[in-house]
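Only the coordinates and a few stated rules stand behind these numbers; no lab work does. Fair warning: this is a prediction, and the values are worked out from it, not measured in the lab. Here the Cβ positions follow ideal geometry from the backbone for every residue, glycine too, while neighbour counts run over all protein chains shown.
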Amino acid sequence: MANTVPLLLALESSCDDTGAAVLRGLEVLSNRVAGQLAHAEFGGVVPELASRAHQTSVVPVVQAALDEAGVLLTDLDGVVCTQGPGLLGSLLVGHSFAKSLALGLGIPLYHAHHMRAHVLAHFLTDGTDRPVPTFPFLCATVSGGHTQLLRVTGPQELFILGETLDDALGEAFDKAAKMLGLGYPGGPEIDRLAGLAEARRIPFAKPSIKGLNYSFSGLKTSFLQILTREFGSPSNVAESDLPWVCASIQDALLDHFFESLVLAVKQTGLKQVAIAGGVSANRALRARLQALGAQEGWDVFIPPFAYTTDNAAMIGADGYFQWLHSTNTPLHLSAQARMPLPKDPTFA
Ligand code: KG4
Ligand code: ZN
């Protein structure tokens, strides 16, 4: 390898965002994302539409990332792409593109794991000053497809302490928003409306699951039942009532989230606590974690907004750690929809 710090092009295409980033090691030189509006009218991601949109977006997004970084394809030392988990059709678009590029340029390909990459986003540098966790630490990954509590002992060593047994936290936000007739993805809209609310709250039923796992689907049923009882139907909630209804939903989801997180800190003794994934953009979650950290004496790590929802810079971080260990990917390997992380042996 000619360079001591590699210049990497990273691609993310696991769901409905086409991302491309250029990194020098862990330093982000550019980080471009093209979202896909086509899904909004269906209230969720339509896999076929997502794959087609990646096809049309990938070349312009990659070009924009290279231009912003002032880098030519021939300057690159490697290409990183998301191997999985995610929607297979979407993954295959980014993966095939990255593989062809690596083959054409004669440079190595690195496979990133989407959920590991969300965690490794904490190590990205971009000129902003923020604390970085040291190993081992606890990380809660909260996205549209996953909700997991992880013990992170190294860049490639992440172990599941607990996870959701049904819906992910982001999925629960999105389903509640859909019920209320809000757009997709609904998480950011619930966050925004809840921010306008005053103290009034609806007491929803608490999930009965114990330990380090989660179950958000019972809460969804409770939202439906109580909103139907109070308003005739969730879609009847008046605009003026939406803020406190959204704040009630958000509180109920976050109460459940924090219950297991607190228990995980107690059981593992890990006092460095990080969050990652799309829902870590939620302002109430971030504020509650800060407050809890201050109260309990934890070191809290909250990613900048740009690295919370799906992006390619985080994929580059995962690729960089593999470059460090020379673990580039043989070109005959393919994308994978399911890539479960291992369970923590001490908590399995
Ligand atoms: O990590 P991500 O971009 O994609 C997946 O890997 O799933 O996460 C997307 C999820 C969606 O469910 C979206 O509603 C949620 O993150 N999300 C939020 C917020 N921003 C994104 N949920 C609550 N509050 C937010 N501000
Ligand atoms: Zn994600």
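Among complete DSSP H helices in the chain, those whose alpha-carbon atoms stretch at least 24 Å along the helix's long axis and whose mean Kyte-Doolittle hydropathy reaches -0.5 are 47-69, 88-105, 242-268.
Size check on segment 11-87: the Cα extents along the three principal axes, sorted descending, read 40, 23, 18 Å. Label point of VAL5 set 7 angstrom out along Cα-Cβ; within segment 25-51, amide nitrogens under 17 Å from it belong to 25-31. Using a/c under 1.5 as the rounded threshold, could you call segment 250-348 rounded, prolate or oblate? The axes a ≥ b ≥ c are square roots of the C-alpha gyration tensor eigenvalues, and prolate needs a/b larger than b/c, oblate otherwise. In terms of gyration-tensor shape, prolate.
Determine the alpha carbon to alpha carbon distance for each of LYS99/LYS175; LYS220/LYS266; LYS206/LYS266; LYS206/LYS271; LYS99/LYS220; LYS178/LYS210 and list only those over 30 Å. Checking Cα-Cα distances, LYS99/LYS175; LYS99/LYS220 exceed 30 Å. How far, in nm, would the chain grow between SER240 and LEU165 when pulled straight, counting 0.36 nm per residue and subtracting the alpha carbon separation? Net length gain for the segment: 23.6 nm. The equivalent ellipsoid that matches the C-alpha gyration tensor of the chain spans semi-axes of 35, 23, 17 angstrom, in descending order. Residues of segment 332-348 with backbone nitrogen within less than 15 Å of a virtual label 7 Å along the Cα-to-Cβ line of HIS325, please, listed as ranges. The answer is 341-342, whose backbone nitrogens lie closer than 15 Å to the label point.
Extension gain for GLU48 to ARG200 (0.36 nm times residue separation, less C-alpha to C-alpha distance): 50.5 nm.
For segment 250-266, the residues whose amide N sits under 17 Å from a probe point set 7 Å from the Cα of GLN225 along the beta carbon direction are 252-253.
With each label modelled as a point 7 angstrom along the Cα→C-beta vector, the GLU157-ASP67 pair spans 4.4 nm. Once the C-beta distance of SER233 and LYS271 is scaled by a Förster radius of 41 Å, the resulting FRET efficiency is 0.35 to the nearest 0.05. Modelled spin labels at GLU41 and GLU259, positioned 7 Å past Cα toward Cβ, are 4.1 nm from each other. Fully extending the segment from ALA337 to THR74, taken as 0.36 nm per residue of separation minus the present Cα-Cα distance, adds 91.6 nm. Qualifying GluC sites (Glu not before Pro) in segment 176-235, where qualification requires a DSSP coil assignment and no more than 11 other C-beta atoms within 10 Å, comprise GLU198.
In a simple Cβ point-charge model (Lys, Arg +1; Asp, Glu -1; nothing else charged), the chain has a dipole of about 660 debye relative to its Cα centre.
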